[in-house]
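Have a look at the structure below before the remarks.
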Amino acid sequence: GAVVSQHPSWVICKSGTSVKIECRSLDFQATTMFWYRQFPKQSLMLMATSNEGSKATYEQGVEKDKFLINHASLTLSTLTVTSAHPEDSSFYICSGSRVTEAFFGQGTRLTVV
Amino acid sequence: TQLLEQSPQFLSIQEGENLTVYCNSSSVFSSLQWYRQEPGEGPVLLVTVVTGGEVKKLKRLTFQFGDARKDSSLHITAAQPGDTGLYLCAGAGRGTSYGKLTFGQGTILTVHP
């Protein structure tokens with residue numbers, strides 16, 4: 001399968017600061033990447049679709065000003081959680097699509113203290 | 001909005017038992033994927049089914065796609081403790097971006113020695 005690398009694997013930040021998470025497709029080009037949020041023992045919830053060279057498409061209820069997505073190249077998408085608060089603590093996962101299959105990064109555990 | 005109902009949400013069995021996980025929807029999917037996820041990691045693709053009525057086998061795992069491409073099942077024979085994890089089904093809708101998936105709620109499987 002294709003490889004998607006996510007960085008960092010975990011991060012702890014202070015309330016009010018911003019955190020950037022990177023998602024890279026290592027062996028394929030991904031014109032579209034997806035960002036998910038996952039709570040403990042629950043399924044993945046799609047947050048937004050990241051489109052290379054254009055604005056991201058956010059799912060209903062997801063604050064676009066809080067979760068900034070940039071997809072500057074065919075192999076890199078970034079998610080920035082701005083002015084993070086404890087309720088933003090979660091597991092964030094990205095995926096890149098190749099043909100009809102999606103491949104996921106390792107996920108990022110964000111803890112806001 | 002396409003929904004995938006996955007059941008059961010929790011499954012606790014003894015080593016050697018068989019089990020089946022179901023994913024059902026009123027919508028037709030162009031393909032359906034099954035993932036397994038370990039705690040703190042991203043989902044790992046197990047299989048993709050595309051054709052209605054398709055059956056795929058992966059060692060002790062058997063995946064089936066319904067004739068109408070609205071439902072799927074995962075059957076594990078002689079479960080082992082190493083099968084423990086979160087199993088997710090995900091469907092790719094017709095006409096959506098490649099890789100944009102609708103996830104079921106997930107099934108947490110625990111296999112006791």
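Laboratory data are not the source of any read-out in this text; all were calculated from the coordinates shown. Just so it is clear, the structure is predicted and the values come from calculations on it, not from any experiment. Heads up, the Cβs are rebuilt from the backbone with ideal geometry, glycines too, and the neighbour counts pull from every protein chain shown.
The table below gives the values:
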item: Computed over chain A: relative contact order in percent, which uses C-alpha pairs under 8 Å that are six or more apart; result: 38 percent
item: Of B:PHE63, B:GLY42, B:SER31, farthest towards positive along the dipole that unit charges on Lys, Arg, Asp, Glu beta carbons give the stretch B:21-74; result: B:PHE63
item: Shielding score for B:38-48, defined as the mean number of other chain Cβ atoms within 10 Å; result: 5
item: Cα centroid separation - the stretch B:36-71 against the stretch A:82-113, whole Å; result: 23 Å
item: Order by protection proxy (mean Cβ within 10 Å, highest first), peptides B:5-17, A:26-38, B:74-86; result: A:26-38, B:74-86, B:5-17
item: Simple label model, 7 Å out from Cα along Cβ direction - B:THR51 to A:GLU63, nm; result: 4.9 nm
item: Whole-Hz couplings from phi, Karplus 6.51/-1.76/1.60, listed for the stretch A:24-41; x for Gly and Pro; result: 10, 8, 8, 10, 7, 9, 10, 5, 10, 10, 10, 10, 10, 10, 9, 8, x, 6
item: Ascending count of other beta-carbon atoms within 10 Å, so fewest first, for A:LEU74, B:LEU109; result: A:LEU74, B:LEU109
item: Extension gain (nm, one decimal) between A:ASN51 and A:SER18, 0.36 nm per residue minus Cα-Cα; result: 9.7 nm
item: At q = 0.23 Å⁻¹, base-10 log of I(q)/I(0) for chain B (Debye sum, equal scatterers on each alpha carbon); result: -1.31
item: For chain A, share of DSSP beta bridges that run antiparallel, in % to the nearest 5; result: 90 percent
item: Within 10 Å of each Cβ in A:35-42, the average number of Cβ atoms from other chains; result: 3
item: Separation of the A:SER73 and A:PHE28 label points, Cα + 7 Å toward Cβ, nm; result: 1.9 nm
item: Cβ-based exposure ranking for A:ARG24, A:ARG109, in which fewest neighbours within 10 Å come first; result: A:ARG109, A:ARG24
item: Contact order normalised by residue count of chain B, Cα under 8 Å, 6+ apart, percent; result: 36 percent
item: Extension gain from B:ASN18 to B:THR77, taking 0.36 nm per residue of separation minus the Cα-Cα distance; result: 20.8 nm
item: Average beta carbon contacts from partner chains per residue of A:49-57, 10 Å cutoff; result: 1
